[in-house]
1. What are the residues in the stretch 173-196 that are among the aliphatic types (A, V, I, L, M), modelled with pLDDT of 50 or more and either part of a loop (DSSP other than H, G, I, E, B) or closer than 18 Å to Thr94 by Cα (or both), if any?
2. Across the stretch 90-105, what is the number of residues that are within 27 Å of Pro48 (Cα to Cα), modelled with pLDDT under 80 and in a helix (DSSP H, G or I)?
3. Could you grab the pairs with beta carbons closer than 6 Å, sequence gap of 6+ or different chains, first residue in the stretch 84-104 and more than 23 Å from Leu134 (Cβ to Cβ), second one of a type in the set (A, V, I, L, M) and not in a strand (DSSP E or B)?
4. Scan the stretch 29-50 and tell me whether some residue there is among the hydrophobic types (A, V, I, L, M, F, W, C) and in contact (Cβ under 8 Å) with a residue 40 or more places away in the chain.
5. Here is a list of conditions, (1) surrounded by 17 or more Cβ atoms within 10 Å (Cβ to Cβ); (2) out of contact with any Asp or Glu (no Cβ under 7 Å at 6 or more places or on another chain); (3) more than 25 Å from Arg135 (Cβ to Cβ), and Gly74 meets all of them except one; can you say which number that is?
6. Name every residue in the stretch 137-171 that is in contact (Cβ under 8 Å) with a residue 24 or more places away in the chain, touching a Leu at 6+ places or on another chain (Cβ under 9 Å) and either part of a helix (DSSP H, G or I) or in the same structural domain as Lys44 (by TED's automatic domain parsing) (or both), in order of residue number.
7. When the residues of the stretch 130-149 are filtered to those that are surrounded by fewer than 16 Cβ atoms within 10 Å (Cβ to Cβ) and not polar (S, T, N, Q), which remaining residue is nearest to the chain's Cα centre (by Cα)?
8. Looking at the stretch 20-53, which of its residues are in a helix (DSSP H, G or I) and either more than 24 Å from Thr94 (Cα to Cα) or not assigned by TED's automatic domain parsing to the domain that holds Ala93 (or both)?
Amino acid sequence: MIVIGEADNGRTALSQAIKLRPDVVVMDISMPELNGMLVTERLKQECPETKVLVLTVHEDKGYVQHMLKCGVSGYILKRAVVEELISAIRTVATGNIYLESSLAEKVLGNYSHKHSVGESSAHGELSARETEVLRLTAKGYGNKEIANKLAISTRTVETYKGRLMEKLGFRSRVDIVRYAINRGWLPQPGENSDQA
C-alpha cells in the first residue's frame, strides 16, 4: 500500500481525493469544515470508482446505515487493531464490503428472521442480469463500474437496479448489502477477507 495523500479537514480531504483519485479513501465522520458524510456523498459523485472506508468513533446504527447509503464500502471503529484496519482496506480495495462485526450485528439485527420467508421466491423472480447487478452493487461497485464490467450502459444498469429493488421491496443500498450477506455472497461480518 502507498499513502498518496492526507488531510486534516473535510474540505481538503475532498479536494485531495478528487485530485489524487486513490483506490481507497479512509474517511472520518467528524471533521472540521465538512463532515465525512458530506465529503463521502460529494466524492462518490465525482469519483464513483474510489472506495471509501469509514474509520471513526461513531458506532451508532444510524451513522452506519447513513454512510452505507452514501456509498461507503466499509465501516470500522478507531478502537480496532492495526491489523484489522489493514484487512479492511484490502477488503474494500478488492471490491468487497467490510463491516466490523460488532457494527454488523447492530445494522443487520434480526434481518435473517425478518426476510427469510419471501426471500427465496423473490430472488427467483430476478433475471440473471438483475442478479448480476445486485451482486456487484452489494460488493460496492457504482453504476458506471457495473456498466463497464457488464458491457452495458449506465442507464441500463439503473433500470435493472430499479427493477430488482422494486421486486425485492428494497429502499436502499443497506438492504442490498444485508440481502447479499444473508445469501452468502459477501464475507460474513468478522470474517477475514484478506484477498490482497
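1. The answer is Val177, Ala180, Ile181, Leu186.
2. Going through the stretch 90-105 one residue at a time, the tally reaches 3.
3. That search, which allows pairs on different chains as well, returns Arg90/Ala196.
4. Within the stretch 29-50 (the criterion being among the hydrophobic types (A, V, I, L, M, F, W, C) and in contact (Cβ under 8 Å) with a residue 40 or more places away in the chain), the answer is no, since none of the residues qualifies.
5. Here Gly74 clears every test but (3).
6. Of everything in the stretch 137-171, those that are in contact (Cβ under 8 Å) with a residue 24 or more places away in the chain, touching a Leu at 6+ places or on another chain (Cβ under 9 Å) and either part of a helix (DSSP H, G or I) or in the same structural domain as Lys44 (by TED's automatic domain parsing) (or both) turn out to be Thr137, Ala138, Glu145, Val157, Tyr160, Lys161, Arg163, Leu164, Lys167, Leu168.
7. The extreme case among them is Lys144.
8. Let us first name the residues in the stretch 20-53 that are in a helix (DSSP H, G or I), namely 20, 36-46.
If the condition is that a residue be in a helix (DSSP H, G or I) and either more than 24 Å from Thr94 (Cα to Cα) or not assigned by TED's automatic domain parsing to the domain that holds Ala93 (or both), then Leu38 is the only one that fits.
The values are calculated or read from the model by the stated rules, or taken from the named source; none is laboratory data. Note that the coordinates shown come from a computational prediction; the quantities given were computed from them, not determined experimentally. Note that we place each Cβ from the backbone using ideal geometry, even for glycine, and neighbour counts take in every protein chain shown.
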